[in-house]
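Following: one structure in structure tokens, then a few remarks.
The values are calculated or read from the model by the stated rules, or taken from the named source; none is laboratory data. Everything quoted here is computed from the prediction, not taken from an experiment. Backbone-built Cβ (ideal geometry, glycine too); neighbour counts: all protein chains shown.
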Amino acid sequence: MLIERIDTLIFDLDNTLIDRNAAMRKSVHEWLSAQGYKGTQLETAVDDCMQYDNWGYTNRQEFATWLLHEYSNKQNKVTPHELQHLLHVNNSRNVEPDLAVQRVLQTLGTQYQLVLATNGGSKTQRAKIQQAQLENFFQPQAIFVSGEMEFEKPDPRYFKIIVEKLQLNTSKALVIGDNLYNDIQAANECGLNTCWVSHGREGKTGIQPTITIKNIIEITAWSKQLI
């Protein structure tokens, strides 16, 4: 589907502009190693944890509780809340800059207003942005972190705040994200155009993005049709 006259691109962060899964895998690997897991047993445990994590869609408290129950050693005294916080901190530290993504943003920034819209705590999400070296591609007033706001995705009011603060024309803005519920469905409800970063996954019936791409790099090809 061809979209005309887009002037603003609103990006999700985790698994859209940064490889959140890779950072999470490294954090889980570090934690399991500290529990004494090694070799094939360690790699199998990491795979199991990432499957349960489900792209971060599993509730964080639920995941931490499960992780402690399944894999902690007897000497581990941390609570699920403490483990959840540890993983958040380590995920921020384990994010790696992606030069290809930076080149995409550099190019798009000459054609569009770029906006960053992410769920999560202020400290951890801003640490990820800094660690990924993305802060220079967005004006300070165009970075929206749910931990600093009244609402979070998938509440449509989250996007309505962005639209109002930046005085956007919804028909000229495109929300780009990997989460069909948080990013696509919520933005659809606000009348925004949407782009689902599928990573090769199958879509959910009833949630229709305006366009679908497999990874964020593909947005450069689509951008030629968005002006």
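General remarks:
- Flag for Q111 being more than 23 Å from A23 (Cβ to Cβ), of a type in the set (S, T, N, Q) and in a helix (DSSP H, G or I): no
- Qualifying residue in segment 73-94 (condition: in a loop (DSSP other than H, G, I, E, B), buried (at least 16 other Cβ atoms within 10 Å of the Cβ) and either modelled with pLDDT under 95 or over 13 Å from the mean Cα position of the chain (by Cα) (or both)): no
- Residues that are within 15 Å of the chain's Cα centre (by Cα), outside any strand (DSSP E or B) and not charged (D, E, K, R) within segment 1-51 comprise L13, N15, T16, L17, N21, A22, A23, M24, listed in sequence order.
- Qualifying residue in segment 20-28 (condition: β-branched (V, I, T), more than 24 Å from A117 (Cβ to Cβ), outside the structural domain of G177 (by TED's automatic domain parsing) and surrounded by fewer than 11 Cβ atoms within 10 Å (Cβ to Cβ)): no
Okay, residues lined up against (1) under 17 Å from L116 (Cβ atoms); (2) of a type in the set (A, V, I, L, M, F, W, C); (3) at pLDDT 95 or above; (4) under 15 Å from the mean Cα position of the chain (by Cα):
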residue	(1), (2), (3), (4)
K153	yes, no, yes, yes
I161	yes, yes, yes, no
L166	yes, yes, yes, no
S171	no, no, no, no
G177	yes, no, yes, yes
C195	yes, yes, yes, yes
R201	no, no, no, no
T220	no, no, no, no
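- Members of segment 127-150 found to be outside any helix (DSSP H, G or I), within 15 Å of I10 (Cβ to Cβ) and out of contact with any Ser or Thr (no Cβ under 6 Å at 6 or more places or on another chain), listed by number: L134, F138, Q139, I143, F144, M149
- Of all residues making up segment 147-177, the number that are in contact with a Leu (Cβ under 8 Å, 6 or more places away or on another chain) and surrounded by fewer than 17 Cβ atoms within 10 Å (Cβ to Cβ): 1
- Strands (runs of 3 or more DSSP E) enclosed by segment 168-227 - at least 3 residues per element that are more than 21 Å from A142 (Cα to Cα) and in the same structural domain as Q106 (by TED's automatic domain parsing): 211-213
- Boolean, T124 is in a helix (DSSP H, G or I), assigned by TED's automatic domain parsing to the domain that holds Q185, of a type in the set (V, I, T) and more than 16 Å from the chain's Cα centre (by Cα): no
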